[in-house]
1. Among the residues of the stretch 121-139, is any of a type in the set (S, T, N, Q) and closer than 18 Å to Gly154 by Cβ?
2. Restricting the search to the stretch 58-92, which residues are closer than 19 Å to Val179 by Cα and in contact with a Gly (Cβ under 8 Å, 6 or more places away or on another chain)?
3. Taking into account only those residues within the stretch 158-201 that are hydroxyl-bearing (Ser, Thr, Tyr) and at pLDDT below 70, which is nearest to Lys61 (Cα to Cα)?
4. From Ala114, Ala128, Ala122, Ala110, grab the single residue that is of a type in the set (A, V, I, L, M, F, W, C) and under 19 Å from Asp63 (Cα atoms).
5. Out of all the residues in the stretch 157-174, is one or more among the small types (Gly, Ala, Ser), outside any loop (DSSP other than H, G, I, E, B) and within 22 Å of Cys66 (Cα to Cα)?
6. Only one of (1) at pLDDT 70 or above; (2) over 16 Å from Ile51 (Cβ atoms) fails for Tyr137. Which number is that?
7. May I ask you to list pairs of residues, at least six apart or on different chains, whose Cβ atoms are under 9 Å apart, with the first in the stretch 137-159 being farther than 16 Å from Arg46 by Cα and in the same structural domain as Met67 (by TED's automatic domain parsing) and the second being in a strand (DSSP E or B) and of a type in the set (D, E, K, R)?
8. Right, Arg52: surrounded by 18 or more Cβ atoms within 10 Å (Cβ to Cβ) and under 13 Å from the mean Cα position of the chain (by Cα) or not?
Amino acid sequence: MATNVALAALAALALLAPGARAGSAISTAECTSKWCRAGKAKQGERSIIMIRPAYNDIVNKCDASCMREFGWGATGADQLFKKHSFGMVSFPEALGKVLDVTVDKDVRHASSCASSTWRSEAIAAAKAQHGVDAQDYEHIVAFLPNVGVCRNPGAAGGNWVNYFYGKVTVITHELGHAVGTSPVLCAPFCVVCHSTQHGLGLACCTVGPAEMT
């Protein structure tokens, strides 16, 4: 079975989409068997809510305008996902929402990175302050405060993403996890590994169905 998959992958090299190129860090066989998990990624138009909680002593510098740019700007998550999944995954702005909320507590000098608690508080605040249930959206991005105890720029799991600092590449990379690929965004019939682009993962698999030439 593995041999057949590898042969099919090599035969499909000619179908490489314009601008795509095979990555050098991982073989085609590894891409197909390990990274791609072909067909298992969530596809189609995905709904997303971005929430920024403001605490008494700190707030993430990325404001509502910044969040919209990260989601739907010219180089935002929606555009990058559409490009690198060949249109199979997108985050239309019409299905999205951006919210600012307030949380009555101090976190700047927190002794540990209580990011799951902070995210839960942001979700609860969205419901209390705006009447919006974040769980109605397929993906939740919490723009959490950049405090020293949280050392990573972002994290993801299930339907959520935590963003602390950095460029839009942090959001796209973490959303790559959240749409169900491990650790990258892959097209369902991936056969060739693409080198990393725009933070979408360690190796971006970018070849789709045979009709995509």
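1. So in the stretch 121-139, the residues of a type in the set (S, T, N, Q) come out as 129, 135.
After this cut, where a residue has to be closer than 18 Å to Gly154 by Cβ as well, the list is none.
No, the stretch 121-139 has no match at all.
2. Phe70, Gly71, Trp72, Ala77, Asp78, Gln79, Ser85, Phe86, Met88, Val89, Ser90, Phe91
3. First, pick out the residues of the stretch 158-201 that are hydroxyl-bearing (Ser, Thr, Tyr): 163, 165, 169, 172, 181-182, 195-196.
Applying the additional criterion that residues be at pLDDT below 70 yields 181-182, 195-196.
Details: Thr181: 29, Ser182: 29, Ser195: 31, Thr196: 27 Å.
Checked the stretch 158-201; the qualifying residue nearest to Lys61 (Cα to Cα) is Thr196.
4. On the way: Ala114 fails: under 19 Å from Asp63 (Cα atoms); Ala128 fails: under 19 Å from Asp63 (Cα atoms); Ala110 fails: under 19 Å from Asp63 (Cα atoms).
After applying the criteria, what remains is Ala122.
5. The initial filter retains those residues of the stretch 157-174 that are among the small types (Gly, Ala, Ser), namely 157-158, 166.
This time we only want the ones that are outside any loop (DSSP other than H, G, I, E, B), so: 157.
Cutting the leftovers down to within 22 Å of Cys66 (Cα to Cα) gives us none.
Looking through the stretch 157-174, none of the residues is among the small types (Gly, Ala, Ser), outside any loop (DSSP other than H, G, I, E, B) and within 22 Å of Cys66 (Cα to Cα).
6. (2)
7. Ala142/Arg52; Phe143/Arg52; Leu144/Arg52
8. Working: surrounded by 18 or more Cβ atoms within 10 Å (Cβ to Cβ): yes; under 13 Å from the mean Cα position of the chain (by Cα): no.
Criteria not met by Arg52.
The values are calculated or read from the model by the stated rules, or taken from the named source; none is laboratory data. Since the structure is predicted, the reported quantities are computational estimates derived from the model, not experimental observations. As a convention, Cβ positions derive from the backbone with ideal geometry for all residues, glycine included, and neighbour counts pool all protein chains shown.
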